[in-house]
């Protein structure tokens, strides 16, 4: 019997999230990069397998991973990552984030018995992905990653950002790398997003997506691509970067060019940000949004 084939393998911890808005209202939800990336990639037309690192006691979280049962797997962990965000402003740009619990690392022996074109490390914290896993995935094919999973450290519940000590070794493994503007500065020491993208390319990453609250930017070593965020409200701010990257990877891995993929991803996240939770729209919904706001 032949193995199942996927366009995109998405690996990472899902979370129990506690979000406190600027008025003090508390909302509990399921979060994590894998949770937000997966439906966005599916909307782009990708066949996705999601490997989700959580405790078996939190199996109900798997219902929030929006792919069929046969296209996802619970990767057992002693604990499920618990994230707490306290937002200080209505636009949710200023927040205090803490992590009372962190899941175990994803290991190479947990990879599914399947084939895929591109594996995405949808990490949240340093330690989610050991170096041995990067080596194993690199040997299997294309690799994408969110830099957050290598820069954000859980230090007794406090979230602290530090440079990735192994970046010069592993950036050449990255077919697509995603950072936000602050993470790009931590990695490169550069505040200019274009200059930071150039430096990351020079260090070996082949395609760099840098997210910002005003625009999404991609650099491929030859030219820059960018589209403005056009969300009409920010009620669905949580999961912005993951939705962008999931939809971008979904487009790229199904044969679309950088410009078309970035337009789709920016429109997808703009639409998603207008509603709390993961993206639940369709490819047609995003195309309609593009026609209304980008053409």
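The values are calculated or read from the model by the stated rules, or taken from the named source; none is laboratory data. What you see is a predicted model; the values in this text were computed from it and never measured. Ideal geometry is used to build each Cβ from the backbone, glycine not excepted, and the neighbour counts take in all protein chains shown.
Here are a few things to note about the model shown:
- Residue that is modelled with the lowest pLDDT, among those in the range 1-34 that are part of a loop (DSSP other than H, G, I, E, B) and buried (at least 16 other Cβ atoms within 10 Å of the Cβ): 21
- Taken over the range 28-56, the criterion of being touching a strand residue (DSSP E or B) at 6+ places or on another chain (Cβ under 7 Å), touching a residue at least 60 places away in the same chain (Cβ under 8 Å) and closer than 25 Å to residue 285 by Cβ is satisfied by 29, 31, 32, 33, 34, 37, 38, 41, 42, 46, 48, 49.
- The helices (runs of 4 or more DSSP H) located wholly in the range 164-214 that include 3 or more residues which are in contact with a helix residue (DSSP H, G or I) (Cβ under 7 Å, 6 or more places away or on another chain) occupy 181-188, 193-202.
- Scanning the range 192-206 for residues that are under 17 Å from residue 252 (Cβ atoms) and surrounded by fewer than 23 Cβ atoms within 10 Å (Cβ to Cβ) yields a count of 2.
- From the options 40, 44, 73, residue that is farther than 17 Å from residue 242 by Cα and either within 20 Å of the chain's Cα centre (by Cα) or modelled with pLDDT under 95 (or both): 73
- Of all residues in the range 274-283, those satisfying the criterion of being crowded, with 16+ Cβ neighbours inside 10 Å, within 18 Å of residue 64 (Cα to Cα) and at pLDDT 95 or above are 278, 279, 281.
- Some residue of the range 124-138 being in contact with a strand residue (DSSP E or B) (Cβ under 8 Å, 6 or more places away or on another chain), part of a helix (DSSP H, G or I) and surrounded by 21 or more Cβ atoms within 10 Å (Cβ to Cβ): yes
- Residue, modelled with the lowest pLDDT, within the range 139-163, restricted to residues that are over 17 Å from the mean Cα position of the chain (by Cα) and in a loop (DSSP other than H, G, I, E, B): 141
- Qualifying residue in the range 233-242 (condition: assigned to a loop (DSSP other than H, G, I, E, B) and more than 20 Å from residue 90 (Cβ to Cβ)): no
- Residue 286 being within 17 Å of residue 142 (Cα to Cα), over 14 Å from the mean Cα position of the chain (by Cα) and in contact (Cβ under 8 Å) with a residue 60 or more places away in the chain: no
- Filter result (closer than 14 Å to residue 12 by Cβ and crowded, with 16+ Cβ neighbours inside 10 Å) within the range 90-109: 102, 103, 104, 105, 106
Listed here are the residues, each with its yes/no results for (1) over 30 Å from residue 169 (Cα atoms); (2) touching a residue at least 40 places away in the same chain (Cβ under 8 Å); (3) part of a helix (DSSP H, G or I).
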residue: 230; (1), (2), (3): yes, yes, no
residue: 245; (1), (2), (3): no, yes, yes
residue: 251; (1), (2), (3): no, yes, yes
residue: 269; (1), (2), (3): yes, yes, yes
residue: 276; (1), (2), (3): yes, yes, no
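- One residue from 115, 146 being closer than 24 Å to residue 58 by Cβ and touching a residue at least 60 places away in the same chain (Cβ under 8 Å): 146
- Meets criteria (touching a residue at least 24 places away in the same chain (Cβ under 8 Å), under 21 Å from residue 10 (Cα atoms), surrounded by fewer than 21 Cβ atoms within 10 Å (Cβ to Cβ) and out of contact with any strand residue (DSSP E or B) (no Cβ under 6 Å at 6 or more places or on another chain)) for residue 212: no
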